[in-house]
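All remarks here apply to the structure that follows.
The values are calculated or read from the model by the stated rules, or taken from the named source; none is laboratory data. Computed from a predicted model, the values in this text were never measured in an experiment. Note that we place each Cβ from the backbone using ideal geometry, even for glycine, and neighbour counts take in every protein chain shown. Keep in mind that these areas ignore ligands, DNA and RNA; they rest on the heavy atoms of the full protein, side chains included. Shrake-Rupley method; radii C 1.70, N 1.55, O 1.52, S 1.80 Å.
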Amino acid sequence: MSDKTEREENQMWGGRFSQGPAEIMEAINASIDIDKRLWREDIAGSKAHAAMLAAAGIISDEDARAILNGLDQIAGEIESGAFKFSRALEDIHMNIEARLKEIIGEPAGRLHTARSRNDQVATDFRLWCRRACDEAETALKTLMRALAVQAETHADAVMPGFTHLQTAQPVTFGHHLLAYVEMFSRDAGRFADARKRMNECPLGAAALAGTPFPIDRKTTANALGFDRPCANSLDAVSSRDFALELLSAAAITAMHLSRLAEEIVLWTSPQFGFASLSDAFSTGSSIMPQKRNPDAAELVRAKTGRIYGSLNSLLSVMKALPLAYAKDLQEDKAATFEAVDALALATAAMTGMIGDISINRDAMKDAAARGYSTATDLADWLVRELKTPFRDAHHITGRIVAIAESKSVRLDQLKLGDMQAVEKRITENVFSVLSVEASVASRKAYGGTAPENVKREASRWLAALTKEN
C-alpha cells in the first residue's frame with residue numbers, strides 16, 4: 001500500500017473527503033510528535049470506556065475483551081519500543097486505534113462508540129495534568145525536606161538579613177532557609193488545589209453535545225479516579241483552565257526557585273563568600289582556570305522564563321476561542337509539557353544543590369556584624385530600658401551609628417563614652433544587646449529568627465514531611 005493510500009485509508013473522516021490532505025496540511029495538523037507521551041492516559045481512558053460500553057450493553061462482552069486485550073498488547077509494544085508511531089495518523093489517539101484494528105480487526109471500530117476525540121483528548125490531558133500535579137507536589141516536599149535538614153543543622157549560624165540588598169538585621173541561615181520552606185509549602189498546596197479542581201471527567205461529553213447512547217459516565221469517572229463527571233458537555237471538551245492552573249502554579253513555584261537560585265549565585269561569589277557548591281553542581285571556565293561557576297543555580301533561574309512563556313502561550317491560545325472545540329487547542333500540550341519538564345528539572349537541581357551546599361559560618365557572621373545591623377537592637381534597648389519613645393530612640397541611634405561610622409568601628413566596639421555623649425543615660429548594659437548573637441537570640445517571638453525557634457520549626461517541618469511521606 002502506498003503512503004498516499006495509507007493516509008487516505010486511515011483518516012477517521014475519510015468518508016467525507018475524496019483525497020488525502022496536502023503534505024503541508026498533514027505537517028501542521030499532526031501532533032503525534034508531541035502527544036505520544038499521552039499513551040498511558042489514552043489507553044487507560046479507552047479501557048475504562050470499553051468496559052463501561054460492555055456493562056451498559058452497548059457493545060458485547062466478547063468485543064470488550066478483545067479491545068482490552070488489544071490495548072494491553074499495545075501498551076506492551078510502546079513500553080518496549082516496538083510500536084511504530086505514524087505522523088500520517090495525526091495523533092496518539094488514532095495511532096493506537098489504528099494499531100488496535102490491526103490486532104483485533106472489526107471490534108476495534110466499536111471502541112469509539114459514544115465517544116469523540118474531543119472528550120477523549122480532554123480526558124487524557126486531564127489525567128496527565130493530574131499526575132503532573134502529584135509529581136510536582138512530591139518533588140517540592142523532597143526539596144522542603146532538604147531545606148529543613150539544612151535549617152536544623154544551621155539553626156544558630158548568623159548571617160546578615162537584607163532589605164534592598166543592604167544589610168538590615170542579623171538573622172540565622174536556618175531561618176532564611178525556612179522562609180523558602182514556607183514558600184514551597186504554599187506552592188505544593190497550589191498544585192494540590194489545582195488537582196482537586198481538575199478532577200472531573202470529560203469522557204462521555206462526546207464532540208460537544210453529549211451522546212444519545214445510554215452510557216454511564218459515573219462508572220468511567222470512578223474507573224479513572226475522577227471525583228465526578230464534568231457537568232456540562234460544552235465545558236468538558238473546550239476548557240483548558242485546568243492546564244492553565246497547573247501552569248500558574250508552576251510559574252509561581254519557578255519564581256520561588258529562581259529567587260533561591262539567585263541567592264545561591266550571590267552566596268557562592270567571592271564577594272559574599274557565604275557558601276560553596278561542590279564539583280557536582282559547579283562548572284569551570286574554558287579560559288579562566290580559577291573559576292567555579294554556579295551554573296546549576298543559573299540554569300534554574302533561567303528555566304523560569306520558559307515556564308512563564310508556556311503560561312502566556314496557553315493564555316494566548318485560549319483568550320478568543322468560542323465554544324466549543326477548536327483545533328487551536330492542539331497547541332495546549334506542547335506548552336504544558338515543556339513547562340512541567342522544566343519545573344521538574346529545576347526542582348530536582350535545586351534539591352541537589354541544597355543538599356550539596358556548604359556554608360562559611362565565619363564569613364556570614366562577619367558580614368552580619370558589618371553595616372550596623374544591630375542598630376535596631378540599640379533603639380529597642382533605649383525604648384525598653386530608658387522608656388524612650390521609639391521615634392526619639394530611632395534618632396538617638398542614628399546619631400550613634402554616625403559616630404561609629406566616623407570611627408570605622410562596629411556598634412559593639414564603640415566606647416560607652418561616645419554613646420553617652422549622645423544620650424547620657426546609656427549604661428554598660430547596652431553592650432549586652434549589640435552583638436549579632438545577642439540580636440538573633442532575642443528574636444523569640446513566634447516567627448522570629450532565634451535559634452531555638454529555628455530548631456523547633458525545622459523539627460516540626462521534618463516531622464510533618466516524614467509523616468506525609
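For segment 137-240, what is the relative contact order in percent, using Cα pairs closer than 8 Å and at least 6 residues apart in sequence? Don't skip to the end; give the middle numbers.
Values: 124 pairs, mean separation 23.8, N = 104.
Relative contact order, segment 137-240: 23 percent.
Sequence gap at least 6, Cα distance under 8 Å: using those rules, report the relative contact order of the chain to the nearest whole percent. Write out the running numbers ahead of the final one.
On the way: 678 pairs, mean separation 78.5, N = 469.
After rounding, I find 17 percent.
In degrees, nearest 10, range 0 to 90: what is the angle between the Cα axis of helix 295-318 and the longest Cα principal axis of the chain?
Approximately 50 degrees, to the nearest ten.
Of the listed peptides 370-382, 100-112, what is their order by residue-averaged count of other C-beta atoms within 10 Å, with the highest listed first?
Details: 370-382: 21.2, 100-112: 16.6.
Per-residue mean Cβ counts within 10 Å order the peptides as 370-382, 100-112.
Suppose each label sits 7 Å from its Cα in the direction of the beta carbon; what would the ARG306-ASP279 distance come out to in nanometres?
2.7
Divide the volume of the convex hull of the Cα atoms of segment 278-360 by its number of residues and quote the answer in cubic angstrom per residue.
Working: hull volume 9.7 nm³, N = 83.
Output value, Cα hull per residue: 117 Å³.
Highest mean first, what order results for 440-447, 194-201 on Cβ atoms within 10 Å? Could the numbers behind the result be given before it?
Numbers: 440-447: 15.1, 194-201: 19.4.
The densest-packed peptide leads the list: 194-201, 440-447.
Report the dimensions of segment 99-185 along its three principal axes from the alpha-carbon atoms, largest first, rounded to Å.
On the principal axes, segment 99-185 reaches 74, 27, 17 Å in Cα extent.
Assuming 0.36 nm per residue, please report the length gained on full extension of the stretch ASP134 to GLN271 beyond their Cα-Cα distance.
Full-extension gain reported as 45.3 nm.
When the accessible area of segment 281-417 is computed with all protein chains present and a 1.4 Å probe, what percentage of it is carbon and sulfur? Don't skip to the answer; put the middle values down first.
Numbers: 3840 of 7150 Å².
Here it works out to 54 percent.
Report, by chain and number, residues whose modeled amide H sits under 5 Å from the one on ALA206, excluding near sequence neighbours (fewer than 5 apart, same chain).
SER116, ASP119
If you split all Cα-Cα distances of segment 193-328 into 10 Å bins from zero, what percentages do you get per bin, shortest first?
Final binned percentages: 11, 26, 22, 16, 13, 10, 3, 0.
When N counts the residues of segment 236-300, how does its alpha-carbon radius of gyration compare numerically with 2.2 N^0.38 Å, as a ratio? Don't jump to the answer; show the numbers that get you there.
Values: Rg = 17.6 Å, N = 65, 2.2 N^0.38 = 10.7 Å.
Normalised Cα radius of gyration, segment 236-300: 1.63.
Please determine, in degrees from 0 to 90 and to the nearest 10, the orientation of helix 375-386 with respect to the longest principal axis defined by the Cα atoms of the chain, where the helix direction is its Cα long axis.
60
Can you give me the relative contact order of segment 382-469 as a percent, contacts being Cα pairs under 8 Å and 6 or more apart?
On the way: 47 pairs, mean separation 13.4, N = 88.
Contact order relative to length: 15 percent.
Solvent-accessible area of LYS327, probe 1.4 Å, all protein chains present, reported in Å² to the nearest ten, please.
Only protein atoms counted, so the area is about 80 Å².
Roughly how tilted is helix 451-468, in degrees to the nearest 10 and between 0 and 90, from the longest Cα axis of the chain?
That works out to roughly 10 degrees.
Find the percent of Cα-Cα distances in segment 378-469 that exceed 24 Å, and round it to a whole number.
Values: 1518 of 4186 pairs.
The calculated P(r) of segment 378-469 puts 36 percent of pairs beyond 24 Å.
Taking θ = phi - 60°, what integer Hz values does the Karplus form 6.51 cos²θ - 1.76 cosθ + 1.60 yield along segment 99-105, in sequence order, with x for Gly and Pro?
Calculated HN-Hα couplings, in order: 5, 4, 5, 4, 7, 10, x Hz.
For the chain, take the convex hull of the Cα atoms, compute a quarter of its surface area, and give me that in nm², please. Kindly include the intermediate steps, with their values, before the conclusion.
Numbers: hull surface 122.0 nm².
Average of the hull's projected areas for the chain equals 30.5 nm².
With unit charges on the beta carbons (Lys and Arg positive, Asp and Glu negative) and the dipole taken about the Cα centre of the chain, which residue among ILE58, ALA342, ASN69 sits farthest to the positive side?
Of the listed residues, the answer is ALA342.
Could you give the nm distance between label points at THR142 and SER248, where each point is 7 Å from its Cα heading toward the beta carbon?
In this crude label model, THR142 to SER248 measures out at 2.8 nm.
Would you please give the residues with an amide H less than 5 Å from that of PHE83, counting only those at least 5 places away or on a separate chain, with H modeled from the backbone geometry?
Distant-sequence amide H within range of PHE83: ILE78.
So what J values fall out for segment 431-443 if you push phi through Karplus, 6.51 cos²θ - 1.76 cosθ + 1.60 with θ = phi - 60°, rounded to Hz, Gly and Pro as x?
Along segment 431-443, the couplings run 5, 6, 10, 8, 7, 5, 5, 5, 4, 5, 5, 7, 7 Hz.
In whole Hz, what ³J(HN,Hα) sequence does segment 62-79 give by Karplus (6.51, -1.76, 1.60; θ = phi - 60°), x for Gly and Pro?
Working through the residues one at a time gives 5, 5, 4, 5, 4, 5, 5, 5, x, 5, 4, 5, 4, 4, x, 5, 5, 4 Hz.
So if each residue of separation counts as 0.36 nm, and I subtract the Cα-Cα distance between SER408 and LEU315, what length gain in nm does that give? Numbers along the way, then the final one.
Numbers: separation 93, 0.36 × 93 = 33.48 nm, distance 5.53 nm.
Stretched out fully, the SER408 to LEU315 stretch lengthens by 28.0 nm.
Which value, in Å², gives the accessible area per residue of the chain when a 1.4 Å probe is used on the protein heavy atoms? Mind dumping the intermediate values first?
On the way: 22500 Å² over 469 residues.
Heavy-atom accessible area per residue stands at 48 Å².
Please identify which residues in segment 373-409 have an amide N closer than 15 Å to a label point set 7 Å out from the Cα of ASN429, following the Cα→Cβ vector.
Flagged as within label range: 378-388.
Taking H placed 1.01 Å from N in the peptide plane, check which residues at least 5 places from ALA168 or on another chain put their amide H under 5 Å from its amide H.
Here GLY161, PHE162, THR163 satisfy the definition.
With a 1.4 Å probe and all protein chains kept in place, how much accessible area does LYS303 have, in Å² rounded to the nearest 10?
60
When every alpha-carbon pair in segment 32-101 is counted, what percent end up more than 16 Å apart? If you can, show how the numbers build up before the last one.
Numbers: 1105 of 2415 pairs.
More than 16 Å apart: 46 percent of the Cα pairs in segment 32-101.
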